Amino acid sequence: MGTDWSLQAVAPPRDAAAVVQRALDLVVAQMSQWEPHSDLSRFNRAPAGAWQAVPSELLQVVEAALAIADASGGAFDPGLGRLTEAWGFGSAGPVAARPDPSIAAPRGGIAFDRQAGKLRREEGASLDLSGIAKGYGVDLAAERLRDAGVRHFLIEVGGELRGEGIRPDGHPWWVDVEPPPGWNGLPWRIALHDLSVATSGDYRRGLEIEGRRYSHSFDPRTGLPIRNGMTSATVIHRSCMMADGWATALTVAGPAAALDMADAHGLAACLIADEREYVSRAWRAMLD
């Protein structure tokens, strides 16, 4: 996933690090677009229109991604792989020029059959789970730790976090939300007691082409990098996978639509856009 991870745990078993690493290795083996032999890469190389059997973990993440895509009105789309590759954010690496305008966002994209354990992609669609798989990796590592008997821990993968139980001093796992560069406001401090938090930031990754910077976040409805004033979106959720996916969707939606979306779906969200901060009703309720 191109990042590192960390774990703080109360009385962990000696193999706790190996438990986490095995969980993350599974996510990479199934969902990485940079690994040519991953299940995702093989699925993308298979003929369009044909149903392909995939592992249950990959199917679970695609199902969640498609649910967020539907609930967000298309602000999230796991079928944008061909587009992100063309813009230099995929396995082929950076590009020197804007891609041909004919490479647009797919329509229809990815379909799944839960009972059969299969996925299907339409022509032009290519699976890309970079906006949600890291959060799933946090959840999977947390589940594996719990299975190993660890009840109190804070797991972090590339800035996405999940806290279970409490610290040895009886306090929850306190974490500070990373502020974007140049932000003058105070960072939020969150108590992660059986909760997760994920942040999608337009400042984290980008690409410069001919002197102009382009965001790594794409609007599936236009097929172009976003230019909506959004700097970051932070979501608190029980599931780190859902927090990760929704943070991506809210970043793409833009400040006004994202705030309405967060309120409509009961999401605890904090948005920074155009040098202003916006918080959802669920976020404000957590302050009480």
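Could you please find all residues in the range 218-253 being touching a residue at least 40 places away in the same chain (Cβ under 8 Å) and assigned to a loop (DSSP other than H, G, I, E, B)?
So in the range 218-253, the residues touching a residue at least 40 places away in the same chain (Cβ under 8 Å) come out as 218-223, 225, 228-232, 234, 236-253.
Within the range 218-253, PRO220, ARG221, THR222, GLY223, ASN228, GLY229, ARG238, SER239 qualify.
Return the residues of the range 148-165 that are over 30 Å from TRP87 (Cβ atoms) and in contact (Cβ under 8 Å) with a residue 60 or more places away in the chain; say none if nothing qualifies. Don't jump to the end; show me each part of the working.
Looking only at the range 148-165, we keep the residues that are over 30 Å from TRP87 (Cβ atoms), and these are 148-155, 162-165.
Residues satisfying the conditions are ALA148, GLY149, VAL150, ARG151, HIS152, PHE153, LEU154, ILE155, ARG162, GLY165.
Please go through the range 254-269 and pick out each residue that is over 25 Å from THR222 (Cβ atoms) and either part of a strand (DSSP E or B) or touching a residue at least 40 places away in the same chain (Cβ under 8 Å) (or both).
Kept after step one, since they are over 25 Å from THR222 (Cβ atoms), are these residues of the range 254-269: 266, 268.
Residue satisfying the conditions is ALA268 alone.
Condition test on GLY109, is it within 21 Å of the chain's Cα centre (by Cα) and touching a residue at least 60 places away in the same chain (Cβ under 8 Å)? Outline the logic, then answer.
On the way: within 21 Å of the chain's Cα centre (by Cα): yes; touching a residue at least 60 places away in the same chain (Cβ under 8 Å): no.
The answer is no for GLY109.
With ALA48, ALA65 as the choices, which residue is part of a loop (DSSP other than H, G, I, E, B), touching a residue at least 60 places away in the same chain (Cβ under 8 Å) and among the small types (Gly, Ala, Ser)? It would help to see each step written out before you state the result.
On the way: ALA65 fails: part of a loop (DSSP other than H, G, I, E, B).
ALA48 is the lone residue from the list that is part of a loop (DSSP other than H, G, I, E, B), touching a residue at least 60 places away in the same chain (Cβ under 8 Å) and among the small types (Gly, Ala, Ser).
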Among the numbered conditions (1) in contact with a helix residue (DSSP H, G or I) (Cβ under 9 Å, 6 or more places away or on another chain); (2) at pLDDT below 95; (3) not aromatic (Phe, Trp, Tyr), tell me where PRO255 comes up short. (1)
Positions within the range 34-45 being in contact (Cβ under 8 Å) with a residue 60 or more places away in the chain and under 12 Å from ALA125 (Cα atoms), in sequence order: PHE43, ASN44
May I ask you to say which residue of ASP202, ASP176, ASP219 is loosely packed, with under 13 Cβ neighbours inside 10 Å and either modelled with pLDDT under 95 or under 24 Å from ALA257 (Cα atoms) (or both)? ASP176
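Quick one: would you say LEU287 is free of Cβ contacts under 8 Å to residues at least 60 places away in the same chain and touching a Phe, Trp or Tyr at 6+ places or on another chain (Cβ under 9 Å)? Break it down into steps so the answer makes sense when it comes.
Values: free of Cβ contacts under 8 Å to residues at least 60 places away in the same chain: yes; touching a Phe, Trp or Tyr at 6+ places or on another chain (Cβ under 9 Å): no.
The answer is no for LEU287.
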Spot the failing condition for MET230; the list is (1) buried (at least 23 other Cβ atoms within 10 Å of the Cβ); (2) closer than 20 Å to LEU66 by Cα, and only one is missed. (2)
Would it be correct to say that PRO78 is over 17 Å from GLY245 (Cα atoms) and either outside any helix (DSSP H, G or I) or modelled with pLDDT of 95 or more (or both)? no
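The values are calculated or read from the model by the stated rules, or taken from the named source; none is laboratory data. A quick note: this is a predicted structure, and the numbers were derived from the prediction, not measured. Heads up, the Cβs are rebuilt from the backbone with ideal geometry, glycines too, and the neighbour counts pull from every protein chain shown.
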